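> Have a look at the structure that comes next, please.
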Amino acid sequence: MTVRTRPDLETLPGYQPGRTIPGAIKLASNEVSLGPLPSVRGVIAEAAAGVNRYPDMGVTALVDRLSAKFSIEPGRLAVGCGSVALCQQLVQAMCGPGEGVLFPWRSFEAYPIVTQIGAARAIRVPLTGAHALDLDAMLAAITEDTRLIFVCTPNNPTGTTLRRAELERFLDAVPKGPLVVLDEAYKEFITDPDVPDGIELARDRDNVAVLRTFSKAYGLAGLRVGYCYAPEEVAEAIRKVCVPFSVNMIAQAAAIASLDAEDELMERCRMISGERDRVRGELLSMGYDVPETQANFVWLPLAERGAAFNAHCLEQKLVVRQFPEGVRVTISTPEENDLFLAAARSFSAG
Ligand code: PMP
């Protein structure tokens, strides 16, 4: 070979998506299993007529809509090709080579990947024994050159969620220097009123950003739209490092149509949150350890038994998501959840 790729990429694991297996039910990627609403589909079809033109790179219509919805300045918003792209843009915008990106672990698997791609340095802080973010340990791990701190709440894959007092105490204790990114990908499934709204927390702080997505509650995972609310200079820097035109026009139109249909979509979320509490209750009564979750998934910290659980689910044509520490299962419709509960019951009996 006369060329070479970056040697440090040899150790980059690459993002592992949840598997899609024909004929099996996918409970592996925390998607909403119900298809797009007819009104959203109609808008998607209409937007397709314009794809000979480039999209609006400023994503102006969606930014204006979000700005009005949350009463926030449009200059503090950046829209990206999914919030995962915004995670990567945040590293690019905030970190020089070797500078620190701190995050809980286990958490969203893209954090270490985007850190390495950005040639920054990952600082992983283990979760508590209760599968929750260890905020004291995260504070203690902040170094002079830490530029970014990802706080995933609810945490993917464990579902554990920070309450107001602990999160405010953490934000108040973070020293000057790093940007704290509250990753709220599962925000809309939260039912506990003691969980604070990240946008409210970020409003008057100059070192806090919030990530949200249209992939989960809004059911648009396949179209790739997420947004970041950040201090103005940070939002500007994130917009600068984006891949030009990365948010396509169908995605922009569908996101706006989803905001138009928000009442109906939030109704779905309430169904899923109710199902989540039911599924967790049933798993607990079967003897499983399941941390309290505010997301659209449950976490079974099965450690090495996870592989057998995963295989058992696959035999029942259910695709769940296995990690070294356990198994994450997406909450779906009552019928699909019942199929999963039956599999969990036969595993525990077997
Ligand atoms: N943050 C968290 C915590 C996630 O779980 C996910 C998706 N799995 C994302 C961000 C990225 O979502 P998307 O890129 O689809 O917006």
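The values are calculated or read from the model by the stated rules, or taken from the named source; none is laboratory data. Everything numeric in this text was worked out from a predicted model, so none of it was measured. When we count neighbours, we look across all protein chains shown, and the Cβ atoms used for this are built from the backbone with ideal geometry, even at glycine. SASA here: full protein model, heavy atoms, side chains in, ligands and nucleic acids out. Shrake-Rupley method; radii C 1.70, N 1.55, O 1.52, S 1.80 Å.
> When segment 306-332 is examined, which residues are found to be among the hydrophobic types (A, V, I, L, M, F, W, C) and farther than 20 Å from residue 278 by Cβ?
307, 308, 311, 314, 319, 323
Residues are listed down the side, and each one gets a yes or a no for (1) within 16 Å of the ligand (Cβ to nearest atom); (2) open to solvent by less than 20 Å² (accessible area, probe 1.4 Å); (3) assigned by the TED database to the domain that holds residue 28; (4) of a type in the set (A, V, I, L, M, F, W, C):
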| site | (1), (2), (3), (4) |
| --- | --- |
| 97 | no, no, no, no |
| 111 | yes, yes, no, no |
| 132 | yes, no, no, yes |
| 142 | no, no, no, yes |
| 146 | no, yes, no, no |
| 149 | yes, yes, no, yes |
| 158 | yes, yes, no, no |
| 162 | yes, yes, no, yes |
| 166 | no, no, no, no |
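> What number of residues within segment 222-264 are within 16 Å of the ligand (Cβ to nearest atom) and more than 17 Å from residue 83 (Cβ to Cβ)?
1
> If you don't mind, there's one more thing I want to ask. Testing residue 179 on (1) within 11 Å of the ligand (Cβ to nearest atom); (2) farther than 20 Å from residue 160 by Cα; (3) aliphatic (A, V, I, L, M), one condition comes back false. Which one is that?
(1)
> Read through the list (1) within 23 Å of residue 38 (Cβ to Cβ); (2) within 13 Å of the ligand (Cβ to nearest atom), then give the number of the only condition that residue 212 fails.
Checking residue 212 against (1) within 23 Å of residue 38 (Cβ to Cβ); (2) within 13 Å of the ligand (Cβ to nearest atom), the one that fails is (1).
> Take the residues of segment 62-84 that are out of contact with any strand residue (DSSP E or B) (no Cβ under 7 Å at 6 or more places or on another chain) and small (Gly, Ala, Ser): which is least open to solvent (accessible area, probe 1.4 Å)? Step through it out loud before you land on a result.
Start the filter on segment 62-84 by keeping residues that are out of contact with any strand residue (DSSP E or B) (no Cβ under 7 Å at 6 or more places or on another chain), which leaves 64-65, 68-71, 73-75, 81, 84.
This time we only want the ones that are small (Gly, Ala, Ser), so: 68, 71, 75.
Working: 68: 74, 71: 88, 75: 20 Å².
Out of the qualifying residues, it is 75.
> Tell me yes or no: at least one residue of segment 106-126 is among the aliphatic types (A, V, I, L, M), assigned to a helix (DSSP H, G or I) and under 17 Å from residue 170 (Cβ atoms).
No.
> Additional query: Taking residue 335 as meeting all but one of (1) part of a loop (DSSP other than H, G, I, E, B); (2) over 22 Å from residue 133 (Cα atoms); (3) open to solvent by 40 Å² or more (accessible area, probe 1.4 Å), write down the number of the exception.
Here residue 335 meets the rest and fails (1).
> Still on this structure, please answer the following. Could you please let me know if residue 341 is closer than 24 Å to residue 161 by Cα and in a helix (DSSP H, G or I)? Break it down into steps so the answer makes sense when it comes.
Details: closer than 24 Å to residue 161 by Cα: yes; in a helix (DSSP H, G or I): yes.
Answer is yes for this residue.
> Separate question: Show the residue pairs that are 6+ apart or on different chains and have beta-carbon atoms under 8 Å apart, the first residue being within segment 93-113 and more than 16 Å from residue 141 (Cβ to Cβ), the second being within 13 Å of the ligand (Cβ to nearest atom) and outside any loop (DSSP other than H, G, I, E, B).
Cβ pairs passing all conditions: 108/87; 108/150; 108/152; 108/183; 110/84; 110/87; 110/88.
> Would you please list the contacts, defined by Cβ atoms under 8 Å and residues six or more apart or on different chains, that run from a residue in segment 4-29 that is touching a residue at least 40 places away in the same chain (Cβ under 8 Å) to a residue that is open to solvent by 100 Å² or more (accessible area, probe 1.4 Å) and within 16 Å of the ligand (Cβ to nearest atom)?
26/19; 26/20; 28/19
> Could you tell me which of the residues 116, 92, 88 is within 11 Å of the ligand (Cβ to nearest atom), assigned by the TED database to the domain that holds residue 211 and open to solvent by 10 Å² or more (accessible area, probe 1.4 Å)?
Numbers: 116 fails: within 11 Å of the ligand (Cβ to nearest atom); 92 fails: within 11 Å of the ligand (Cβ to nearest atom).
Result: 88 is the single residue among 116, 92, 88 that is within 11 Å of the ligand (Cβ to nearest atom), assigned by the TED database to the domain that holds residue 211 and open to solvent by 10 Å² or more (accessible area, probe 1.4 Å).
> Continuing with this model, one more query. Out of contact with any Asp or Glu (no Cβ under 6 Å at 6 or more places or on another chain), open to solvent by 10 Å² or more (accessible area, probe 1.4 Å), of a type in the set (Phe, Trp, Tyr) and at pLDDT 95 or above - does that describe any residue in segment 303-321?
No, segment 303-321 contains no residue that is out of contact with any Asp or Glu (no Cβ under 6 Å at 6 or more places or on another chain), open to solvent by 10 Å² or more (accessible area, probe 1.4 Å), of a type in the set (Phe, Trp, Tyr) and at pLDDT 95 or above.
> On the basis of being among the hydrophobic types (A, V, I, L, M, F, W, C), under 14 Å from residue 291 (Cα atoms) and more than 16 Å from the ligand (Cβ to nearest atom), does residue 137 make the cut? Break it down stepwise before answering.
Working: among the hydrophobic types (A, V, I, L, M, F, W, C): yes; under 14 Å from residue 291 (Cα atoms): no; more than 16 Å from the ligand (Cβ to nearest atom): yes.
No, not satisfied.
> Another question, then. Answer with yes or no whether residue 222 is in the same structural domain as residue 48 (by the TED database), without any contact (Cβ under 8 Å) to a residue 60 or more places away in the chain and under 20 Å from the mean Cα position of the chain (by Cα). Show your work before the answer.
On the way: in the same structural domain as residue 48 (by the TED database): yes; without any contact (Cβ under 8 Å) to a residue 60 or more places away in the chain: yes; under 20 Å from the mean Cα position of the chain (by Cα): yes.
Taking the combined requirement at face value, the residue satisfies it.
> Looking only at residues that are more than 16 Å from the ligand (Cβ to nearest atom) and of a type in the set (A, V, I, L, M, F, W, C) in segment 265-281, which one is surrounded by the most Cβ atoms within 10 Å (Cβ to Cβ)?
Within segment 265-281, the first condition is being more than 16 Å from the ligand (Cβ to nearest atom), and the residues that meet it are 266-268, 270-271, 273-275, 277-281.
Going one step further and asking which of them are of a type in the set (A, V, I, L, M, F, W, C), we end up with 266, 271, 279.
Details: 266: 13, 271: 14, 279: 23.
Restricting to residues being more than 16 Å from the ligand (Cβ to nearest atom) and of a type in the set (A, V, I, L, M, F, W, C), the top hit is 279.
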